[in-house]
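*Asks:* This is the structure I have questions about; it appears just below.
Each reported figure results from applying straightforward, stated rules to the coordinates on display, with no laboratory input. The structure displayed is predicted, hence computed values, not measured ones. Quick reminder, even Gly has a Cβ in these numbers, built from the backbone with ideal geometry, and neighbours come from all protein chains shown.
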């Protein structure tokens, strides 16, 4: 049987609408019409890999797979996983210089030495590992603390990469030299340098699959939440629900960090604006 090239696979408007509705119903991602070519290109690779002749044939297969694995692959294909260490550095500077000193002082006065945080949409792990670097450095010489970061994503494939904690030289480039030496171990693999995240960082991060549109098996109160460059995929009603669920989970004085292109403008909420993309629960 002759294999179709990527360019020969036609995504009709009807098929695009069906895929968009399936994805929206499942996880709230809003695939507006400007995403049609992206959807076609990404799913076309899956069609070729599975020898499917048309998009409807593939969609039927994904929906009829009782294990749910193929539908999970479909979602993975359409969710973007762009991230890096110390991405949007102003957030980590704010944590280091303002938020964490005040949080530690408050916790010590309460004799509460627990820190609980959530990286929602953690992708390949750079964000939660960066958070753990900042926490470790901030608590240097301040005794033993119980620190845990929940890191979740809807992509099972990307979570496997995150759990392994191995990154190329290019990926760890933003990590300052002192932290690189302290928290990353260099290995040689096939003539390339690969960096492994230290056990100290790894022990702080718990990776789990989570669909933000479903139930959250998470117990609060949390000290801070990172949900960056995730809400851009949702429409305003979905964003509103999400923001208010974050509010319910945060402790008083807790912080929500959003992405640089995300704003709570037009969303009814009770957060106090701190600075762009940083919001506090009073």
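*Asks:* Give the dimensionless ratio obtained when the Cα radius of gyration of segment 64-124 is divided by 2.2 N^0.38 Å.
*Replies:* 1.79
*Asks:* Another one. Over segment 182-277, consider all pairs of different Cα atoms and compute the Kirkwood hydrodynamic radius from their mean reciprocal separation; express it in Å, one decimal.
*Replies:* The answer is 16.0 Å.
*Asks:* Further, regarding this structure: Using 18 Å as the cut-off for backbone N distance, which residues of segment 252-281 belong to the label zone defined by a point 7 Å from the Cα of residue 219 along Cα→Cβ?
*Replies:* 252
*Asks:* Taking only C-alpha pairs under 8 Å that are 6+ residues apart, what is the relative contact order of the chain in percent?
*Replies:* Once normalised by length, the contact order is 17 percent.
*Asks:* Modelled label-to-label distance, residue 245 and residue 145, 7 Å Cα→beta-carbon offset: nm?
*Replies:* 2.8
*Asks:* Another question about this same structure. Between residue 63 and residue 200, what length comes free when the chain is fully extended (0.36 nm per residue of separation minus the Cα-Cα distance, one decimal in nm)?
*Replies:* Gain in length upon complete extension: 45.2 nm.
*Asks:* Mind computing the radius of gyration and Dmax over the alpha-carbon atoms of segment 102-163? Å is fine for both.
*Replies:* For segment 102-163, the Cα radius of gyration and maximum Cα-Cα distance read 13.6, 42 Å.
*Asks:* Could I ask something else about it? As I understand it, the value is the acute angle between the Cα axis of helix 126-138 and the longest principal axis of the Cα atoms of the chain; what does it come to in degrees, rounded to 10?
*Replies:* Once rounded, the angle reads 0 degrees.
*Asks:* Also: Which angle from 0 to 90°, rounded to the nearest 10, does the C-alpha axis of helix 55-64 make with the longest principal axis of the chain?
*Replies:* 60
*Asks:* Moving on. Which FRET efficiency, nearest 0.05, do residue 178 and residue 41 yield, Cβ-Cβ r, R0 30 Å?
*Replies:* Efficiency computed from Cβ-Cβ geometry: 0.15.
*Asks:* Which angle between 0 and 90 degrees, to the nearest 10, do you get for helix 36-49 versus the longest principal axis of the chain when only C-alpha atoms count?
*Replies:* That works out to roughly 70 degrees.
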